[in-house]
Amino acid sequence: MSEIHETHIEAATPRWVSLAIALLGGVSLIGLGLGWSALSESKSVEQSTQAALKQQNDTLTQRATKDEEQNQQLQSDLKVVTDKLNVTQEDLQKARQQSKIAAANYGKKISGLESNVNTVNTTLATKANTEDVNKLSGDVSGVKTDLDQTKAKLERATGDMGVMSGLIARNHDDVEDLKRRGDRNYYEFTLQKSKTPEKVGPVQMSLNKTDQKKSKYTVTVLADDKSIEKKDKTAGEPVQFYVKGSTHQAPYEVVVFDVGKNQITGYLSTPKSVGGTTAASNGSAQ
């Protein structure tokens with residue numbers, strides 16, 4: 001009886017209703033699956049975000065800690081620099097004060113020195129006038145004494161032409177003394193044995209031969225287009241000759257004070273009024 005009733009009921013229920021119920025059940029399951037998947041993915045994203053935020057927060061915390069340490073170090077360094085700067089400024093102030101004191105003392109010393117210098121200058125000026133007079137007097141006396149001694153040292157002699165010569169020099173120093181007297185023109189020379197004449201003052205001379213043992217020599221003098229040979233003359237002997245225009249004046253004189261193997265050394269003297277500027281300039285050149 002009951003089986004007949006169930007069969008009747010099933011027969012009474014349409015098939016499409018069963019299909020609709022089954023379809024709705026499947027859709028519900030799919031929806032539940034998608035919802036669960038979305039929920040799981042959302043939790044995963046949230047966890048990843050929280051992890052990233054935590055890492056970022058840790059990094060910021062480390063940076064903040066490092067910055068704080070650097071800040072403390074900078075503050076410590078700044079304090080040290082400030083302390084040193086204060087000390088330096090204090091020292092600088094002291095140095096400035098000491099410099100002002102030293103400048104004032106230096107100014108006082110300079111003033112004192114200037115006063116002393118003025119006093120010394122005045123004293124020296126007064127003393128100098130007296131000393132200059134005494135020194136000048138002494139110099140004049142000394143020159144006079146030197147001239148007297150030179151005059152006594154130098155000699156006069158008669159030349160080879162029988163004319164009394166001026167003072168005769170025996171060496172270079174004597175020639176310098178004669179030059180200072182200024183009585184005549186003097187031209188020193190050293191002649192080598194040669195056939196070619198050399199210029200000596202306003203004339204030309206050539207050495208022909210020498211005899212060192214006997215202190216004798218022979219020279220040829222060229223003057224006024226004339227050749228004058230002076231043969232076998234002795235050292236220290238005034239060798240005299242006249243040139244054009246000097247006939248009525250003192251003669252030219254050659255004095256040799258050293259006779260070597262092939263050379264002689266001595267000087268030529270001429271009257272001041274003969275030879276003029278040319279003679280004087282030639283003497284300077286010699």
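The values are calculated or read from the model by the stated rules, or taken from the named source; none is laboratory data. These numbers were taken from a predicted model, which means no experiment stands behind them. Quick reminder, even Gly has a Cβ in these numbers, built from the backbone with ideal geometry, and neighbours come from all protein chains shown. Just the protein is used for accessible areas: all its heavy atoms, side chains included, with ligands, DNA and RNA removed. Shrake-Rupley method; radii C 1.70, N 1.55, O 1.52, S 1.80 Å.
In this structure, is Ala125 open to solvent by less than 80 Å² (accessible area, probe 1.4 Å), hydrophobic (A, V, I, L, M, F, W, C) and either at pLDDT below 70 or in contact with a Leu (Cβ under 9 Å, 6 or more places away or on another chain) (or both)?
Numbers: open to solvent by less than 80 Å² (accessible area, probe 1.4 Å): yes; hydrophobic (A, V, I, L, M, F, W, C): yes; either at pLDDT below 70 or in contact with a Leu (Cβ under 9 Å, 6 or more places away or on another chain) (or both): yes.
Judged against the criteria, Ala125 is a match.
Would you be able to say whether some residue in region 201-211 is at pLDDT below 90 and surrounded by fewer than 17 Cβ atoms within 10 Å (Cβ to Cβ)? Full working, then the answer.
First, the residues of region 201-211 that are at pLDDT below 90: none.
No.
Take region 184-200 and flag every residue that is within 13 Å of Val254 (Cα to Cα) and crowded, with 17+ Cβ neighbours inside 10 Å. Before the answer, list the steps.
So the first thing to find is which residues in region 184-200 are within 13 Å of Val254 (Cα to Cα), and the list is 184-191, 200.
Matches in region 184-200: Arg184, Asn185, Tyr186, Tyr187, Glu188, Phe189, Leu191, Val200.
So Lys261 fits all but one of (1) among the charged types (D, E, K, R); (2) open to solvent by 20 Å² or more (accessible area, probe 1.4 Å); (3) under 17 Å from Ser273 (Cβ atoms); what number is the exception?
If we test Lys261 against (1) among the charged types (D, E, K, R); (2) open to solvent by 20 Å² or more (accessible area, probe 1.4 Å); (3) under 17 Å from Ser273 (Cβ atoms), just (3) comes out false.
For region 162-177, check the following and say yes or no: at least one residue is free of Cβ contacts under 8 Å to residues at least 12 places away in the same chain and on the phi > 0 side of the Ramachandran plot.
Pass one, region 162-177, residues free of Cβ contacts under 8 Å to residues at least 12 places away in the same chain: 162, 164, 173, 176.
Still in the list and also on the phi > 0 side of the Ramachandran plot: 162.
Within region 162-177 (the criterion being free of Cβ contacts under 8 Å to residues at least 12 places away in the same chain and on the phi > 0 side of the Ramachandran plot), the answer is yes, since at least one residue qualifies.
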